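Please read the structure below before turning to the comments.
The values are calculated or read from the model by the stated rules, or taken from the named source; none is laboratory data. All values reported here derive from a predicted model rather than from experimental measurement. Using ideal geometry, Cβ is built from the backbone for each residue, glycine included, and neighbour counts are taken over all protein chains shown. Note: areas computed on protein heavy atoms with side chains; ligands, DNA, RNA excluded. Shrake-Rupley method; radii C 1.70, N 1.55, O 1.52, S 1.80 Å.
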Amino acid sequence: YFLGPLFSGTILISAFYECTATHLIDFGGPGQSENETQANPRRSLRGPGRNRPVYEIANPFDPIIPMSLSSSESTSPVPIPRSSVPFDPTGAAAPPWASPPSVLNHLNAKRYAHHPVMLQVSSEAYELEKGFLVEWNGLRVPAEFDCDIFNNGKAWGAHHYFTEVPTRWHACWLHYAAIASGSTLFVPELPFVDDEYNEQVAVYQSVLRAKPNQAYVVAELGARWGTWGSRAIAFAKARRPDLEYTLHFEEVSKVNCEGIVRVARKNGLDYTLECGYATHKTLGKWMETVDHVDLIDMDIQGSETSVCELSMPLLNEKVYRIIVGTHSNEIHAKLEELFSDNEWIVIANVPPQKNTQCVDNYLRGRANGKYQQVERFNWAKMIELGDCTHDTPRGPVAHYDGELIVDNPRFVDSSKAFSMADTDLKVSDLK
């Protein structure tokens, strides 16, 4: 009875999570042995208190719906489609949208106009690969990286993005629904308003404003599977395919480094990788090889203060924009002061979350050290408490880590600087 509106965004999430919360869909979790799963590969979907099956759905790890991610992975890269409309820095020739899509904010149940940067890649249909999610910028990512439902119910690596970021968990369920529906094509959706929305805007705007006579140069420190660097280059390939680029990653986890290699190989990306701790020395060594850096995206779990402080002369000399995740209020305050003393332009400034329990309970569904569904998605409670969100031009956003997005005034004209509240595309802010 819920399959009709399955693809309608919010309904999709609520339907799936209502089902998992009431045990209508059993994915072979605790209490079911491997032998039981094999003996009963298809499970009845029953409503609470009902004796008859309402719908029968395959276990997502069942051979009926092939989910062997390794066997479904193609060794040849999949090219990222180019936009049919040439890039116009004035925004006058943006990709065609019959009706520009709005962006949903779950917390206050409202929709807003997307930031104009997000409308610079046209909606495309992609061939569905069961082992890979495809993002709206054309990037293909192994499904298990962000989707616990494609990784035997466990997080890949050290972070639980499947429970932490609405846009990511929604994309996972959309991919699952497409597979379960027998689809051969897939049309990715634009992101939701969440704690990664502004970061996506800032990353993609740095691509759009890149000078045509220079390579676009991006580095990601603390890269996981190469999320932000790969997204930036995928966006560049889709929107500005003639733009040359330099892509660099630094990541300490060997598992994550292998993930970076997989994503880059799948998408045909050229890159360099420092598999080890990101320090001012590793960053400085790489920066010696380039004459400028359009973007550094940094999420290095507490080391951001020392790296930025010790690298500041070089950052002032070469870097156009920095996005840095901050992991304590002390670190955030120090970096605020550091960038202020060096006169950097603040694009976004969000201190780390103080009421982390609120975010754990009502957004992530985490209590007593375990992820569960008891109070998850209680958006009204988050709004009522008022101290676990921050205001944005697109409504309240729940966050955990802090974030600073800053531009270098030595390269950016402050009178033309873009903002998260822009309604018109601004991509001529570089001097």
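Worth a mention:
- Surface composition of the range 257-328: carbon plus sulfur atoms hold 50% of the accessible area, using a 1.4 angstrom probe and ignoring ligands, DNA and RNA.
- Cross-link partners of Lys254 among aspartates and glutamates, defined as those whose alpha carbon lies under 12 angstrom from its own and excluding same-chain residues fewer than eight positions apart: Glu274.
- Dipole moment magnitude, nearest 20 debye, the range 363-407 about Cα centre, only Lys, Arg, Asp, Glu C-beta charged: 380 debye
- Restriction of the chymotrypsin sites (Phe, Trp or Tyr not before Pro) in the range 368-431 to DSSP coil positions whose beta-carbon has at most 15 other beta-carbons within 10 angstrom yields no sites.
- For the range 271-347, the gyration tensor built on C-alpha atoms gives an oblate shape. Its axis ratio a/c (a ≥ b ≥ c) is at least 1.5, and a/b is not larger than b/c.
- Spread over its residues, the convex hull of the C-alpha atoms of the range 175-319 is 134 Å³ per residue.
- Divide the volume of the convex hull around the Cα atoms of the range 335-392 by the residue count and you get 102 Å³ per residue.
- Relative to the globular-protein estimate of 2.2 N^0.38 Å, the Cα radius of gyration of the range 297-393 stands at 1.34.
- Solvent accessible area, Å² - Ser253, 1.4 Å probe, full protein context: 40 Å²
- Per principal axis, descending, Cα span of the range 346-431 in whole Å: 51, 23, 18
- Entries in Lys237/Lys281; Lys154/Lys285; Lys318/Lys426 that, when Cα-Cα distance is taken, lie over 28 Å: Lys237/Lys281; Lys154/Lys285
- Exposure ranking of Ile347, Ile322 by accessible area [1.4 Å probe, largest first]: Ile347, Ile322
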